[in-house]
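The numbers here are math on the coordinates, done by the rules we state, and not lab data. From a predicted model like this one, the values you see are computed outputs, not experimental measurements. Using ideal geometry, Cβ is built from the backbone for each residue, glycine included, and neighbour counts are taken over all protein chains shown.
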């Protein structure tokens, strides 16, 4: 999600010191932050470096496109993305996480597994197209909204076909290729999307740009993966049936997860006006960029967690502590920073037309810590072959969340004239419920009393960040946010929240991310200027 030809960018630091966090029966002490070797650090660095570039491009797109389209036009695009995301999960068949796990265990099966997964996705593509056509008619979409929906569906098909290829990169721990394709996709969408919006191409042009780049990413991923795995496209009914049968738990999870992910936007589009969908869509996109921290950690750690479980369940619980602690310690200040910066950021980027997005972004910021934890708990259950348990969490979420939306959307619309606030509150409540369920499934022993104390100290520092920003608002956003940041750093240092090993690991990842950012950028420019799809060397 082990591979050869690994080459670190820049100096290769010594592995961080270990912390004694053994569990009775463990054969060896567990690492405090990173497992043995530097491959994990390289993968985190590659993914984080790519995220720096893609975050910048996404910010550019998010700055210009919603302004150019207005809340109503942007709401049309986001409604199409939401419903397409729900339909696309049928095409996915839950095979991505299944592929990662099976290839990590037996790399010799990679060619057959990837070929069978692609054949399955080709086979069910007509279902996605048919579902989109039916939905467009039932929902009463006009010509423009229908065209945006159909173009978005075409892009989703390309991305879903690319998913098995990216699962191959993740399984063999060559995640720099995932970063390359993501950077190319987001850079092109950012630059071309902005240009198209400014030239007046509106919703259809933006959707067509995204569809085109999804096709480019599919081709590049296929070319790059051939360097490491020769995909065997010839398959048979027995292999297809076995993959469907073994992917059922992952597929069920995917169905309920995507329903849960997009049900709020879909319900808003059906229960309110497009302007309100736009108020929800803008903070959702800003909020989703903050997800990259947990996603990078979870993506890089999954192969190690799988190998830990193959050794013993006790080893998995021990090795899972480090990423769980890390994402929660990082999620708390990020949450506070989003809440503190919501008003100045939205006003500066989008102006008064999006004033309704400010309280939505504040509430969504509070969702960061539970969502980070849930992302890692899901990886732990995947590693331990207990994906079905998390599927039940998503089943509950798809019941609880729509019920909360059904109550809160009209309530907040009547009280605040902003139904998007109700959708955000519904998400926050649901995420807290899922955290409780997740720890019940994984076991509370994955975190100890020492970790709880660290979380309390980080929560105090994060609360001080928000309080400082709020108290210094009269001095302007720059002074306010700077004072909040300095206060947070001082309190974290005074309370010794981070261990020396964690601080060293984060510094190492930051150095690698900076190096990878420049390398990825140079390779993307090289690809763009040469027009070649040759796989970049790692």
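Descriptive notes on the structure:
- Over all pairs of different C-alpha atoms, segment 374-453 has a mean inverse distance whose reciprocal, the Kirkwood radius, equals 14.0 Å.
- Here 263, 368 are placed in order of increasing Cβ neighbour count within 10 Å, fewest first, which gives 263, 368.
- Peptides 69-75, 414-420 ranked from most to least packed give 69-75, 414-420, packing being the mean of other C-beta atoms within 10 angstrom over each peptide's residues.
- Förster radius 41 Å - calculated FRET efficiency between residue 216 and residue 240, Cβ distance, rounded to 0.05: 0.90
- The mean sequence distance of close C-alpha pairs (under 8 Å, at least 6 residues apart), as a share of the length of segment 37-246, puts its relative contact order at 36 percent.
- Förster-model FRET efficiency, 22 Å R0, residue 310 and residue 111, C-beta, rounded to 0.05: 0.55
- Separation in nanometres of the label points that stand 7 Å from Cα toward Cβ, at residue 415 and residue 123: 5.0
- Principal axes of segment 37-246: Cα extent on each, largest first, Å: 51, 41, 21
- Sorted fewest first by neighbouring Cβ atoms within 10 angstrom, 191, 349, 113, 326 come out as 191, 349, 326, 113.
- Counting neighbouring Cβ atoms within 10 Å and putting the fewest first, the residues 457, 227 line up as 227, 457.
- Relative to the current alpha-carbon distance between residue 494 and residue 441, full extension at 0.36 nm per residue lengthens the span by 15.6 nm.
- Here the label points at residue 133 and residue 478, each 7 Å from Cα along the C-beta direction, are separated by 5.7 nm in the simple model.
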